[in-house]
1. Just to be sure I understand, how many residues within the stretch 1-12 are over 22 Å from SER78 (Cα atoms) and either within 15 Å of the ligand (Cβ to nearest atom) or touching a residue at least 60 places away in the same chain (Cβ under 8 Å) (or both)?
2. Can we say PHE66 is aromatic (Phe, Trp, Tyr), within 10 Å of the ligand (Cβ to nearest atom) and within 20 Å of ASN95 (Cβ to Cβ)?
3. Looking at the stretch 157-178, is at least one residue in a strand (DSSP E or B), over 23 Å from THR262 (Cα atoms) and either touching a residue at least 12 places away in the same chain (Cβ under 8 Å) or outside the structural domain of ILE217 (by TED's automatic domain parsing) (or both)?
4. So, restricting to strands (runs of 3 or more DSSP E) that lie completely within the stretch 214-325, which ones have at least 1 residues that are touching a Pro at 6+ places or on another chain (Cβ under 6 Å)?
5. Name every residue in the stretch 49-63 that is open to solvent by 30 Å² or more (accessible area, probe 1.4 Å) and more than 12 Å from the ligand (Cβ to nearest atom), in order of residue number.
6. Do we have any residue at all in the stretch 28-45 that's open to solvent by 40 Å² or more (accessible area, probe 1.4 Å) and in contact (Cβ under 8 Å) with a residue 60 or more places away in the chain?
7. For the stretch 200-213, give me each residue that is open to solvent by 60 Å² or more (accessible area, probe 1.4 Å) and over 26 Å from ILE124 (Cβ atoms).
8. Select from the stretch 13-24 the residues that are within 14 Å of the ligand (Cβ to nearest atom), open to solvent by less than 20 Å² (accessible area, probe 1.4 Å) and within 15 Å of the chain's Cα centre (by Cα) and list them in ascending order.
Amino acid sequence: MGLIVGIVGATGAVGQKMLEILKSRNIPIEKLRLFASERSAGKQVKFDNIEIEVELLTKEVMKEKFDYLLFAAGGAISEVYAPVAAEAGNIVIDNSSHFRMVDKIPLVVPEINGHILKGYKGIIANPNCSTTQMVMAIAPLHKKYGIEKVVVSTYQAVSGSGYRAIEELKNQLQDENYPNKVYTRKIGRNCIPHIDVFNENGFTKEELKMVYETHKILEDDSIEINPTAVRIPVFYGHSESVYVELKEEVDVEEIKNLLGSTEGIVLEDEPWENKYPTPLEAAGTDFTYVGRIRKDIFNPKAISLWVVADNLRKGAATNAIQILEKMENIKMEG
Ligand code: A2P
């Protein structure tokens with residue numbers, strides 16, 4: 001018997017990626033249902049060579065029986081519809097930020113804290129794309145050495161803002177005068193140090209997500225994290241420059257061995273051979289790539305890393321589907 005799976009926001013950038021990944025990871029599906037707004041209801045979407053009609057999202061339909069509902073339609077939609085689905089006994093894997101910091105709701109990167117899903121039913125939160133790839137790289141370091149402080153700058157692709165942003169960048173690369181609608185500035189040939197809204201402390205909401213989601217996933221509020229999140233004119237794949245101060249002096253070779261043998265991480269670190277990760281090469285894959293690992297010149301307890309992942313895949317759809325896989329594995333283990 002296969003699974004009954006629903007995707008809310010199935011016509012969006014993340015929703016479409018979820019369809020692709022359900023297929024490529026051979027998730028055993030008995031029935032797949034796709035939901036969107038009245039703009040897309042009635043359209044046909046292809047999955048595994050079968051045309052599926054997009055259904056209108058309603059509260060009533062969320063009360064029907066699903067094994068998993070994957071939400072990728074933004075926080076406002078999750079806020080209204082995810083609790084209805086969960087109340088009806090369905091497992092919801094939510095890609096929005098709406099429930100991430102709610103105490104009883106697990107925030108999960110399966111390779112790091114998938115074990116907390118044992119015995120759980122209800123809404124499960126998928127972390128922010130920038131958080132996911134950063135914690136993939138720093139969780140093994142925290143476990144082995146303990147982390148004091150992280151200073152991170154992001155270089156984020158426009159696909160994180162959905163299809164309209166992808167179109168906006170395409171148009172601005174062809175026509176310098178094409179107006180900006182999604183972003184506060186033109187993103188073509190530019191970079192914008194502003195992702196999500198500003199908080200009164202001067203950090204953006206995206207940056208604060210990297211702080212508090214990391215604390216929750218690593219179960220340690222004592223780590224000092226200072227992020228700057230920047231949008232750049234790349235279509236797919238976020239990059240991050242991450243400076244990490246550890247609790248003890250470390251050996252770079254030991255860290256390379258540790259990260260190179262961590263599930264989900266690919267070490268690409270031979271800079272003298274021009275080997276380091278870039279978003280163009282990471283796009284379309286499910287891994288988190290780490291390179292440029294080097295010890296700080298002044299602080300023997302600190303290292304720098306360059307971390308790259310496909311924001312729509314490991315940063316969103318892949319991680320959500322890995323949560324589904326983890327739940328299924330837990331079920332099979334009894
Ligand atoms: P629709 O195609 O009907 O607009 P993106 O992140 O690429 O902008 O995609 C957002 C996704 O969320 C799309 O699938 C979009 O569907 C869906 N969505 C947006 N608003 C609603 C809504 N009110 N009800 C259901 N789905 C929605």
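1. Within the stretch 1-12, residues that are over 22 Å from SER78 (Cα atoms) and either within 15 Å of the ligand (Cβ to nearest atom) or touching a residue at least 60 places away in the same chain (Cβ under 8 Å) (or both) number 0.
2. Here the answer is no, as PHE66 does not meet what is asked.
3. no
4. Per the criteria, 238-246, 288-295, 302-309.
5. Correct list: ASN49, ILE50, GLU51, GLU53, GLU60, LYS63.
6. No; the residues of the stretch 28-45 include none that is open to solvent by 40 Å² or more (accessible area, probe 1.4 Å) and in contact (Cβ under 8 Å) with a residue 60 or more places away in the chain.
7. Scanning the stretch 200-213 gives GLU200, ASN201, PHE203.
8. Hits for the stretch 13-24 are ALA13, GLY15, MET18.
The values are calculated or read from the model by the stated rules, or taken from the named source; none is laboratory data. Just so we're clear, the structure is a prediction, and the values are computed from it rather than from any experiment. Neighbour counts are summed over all protein chains in view; Cβ atoms, including those assigned to glycine, are modelled from backbone coordinates with ideal geometry. Surface areas here come from the heavy atoms of the whole protein model, side chains and all, with no ligands, DNA or RNA. Shrake-Rupley method; radii C 1.70, N 1.55, O 1.52, S 1.80 Å.
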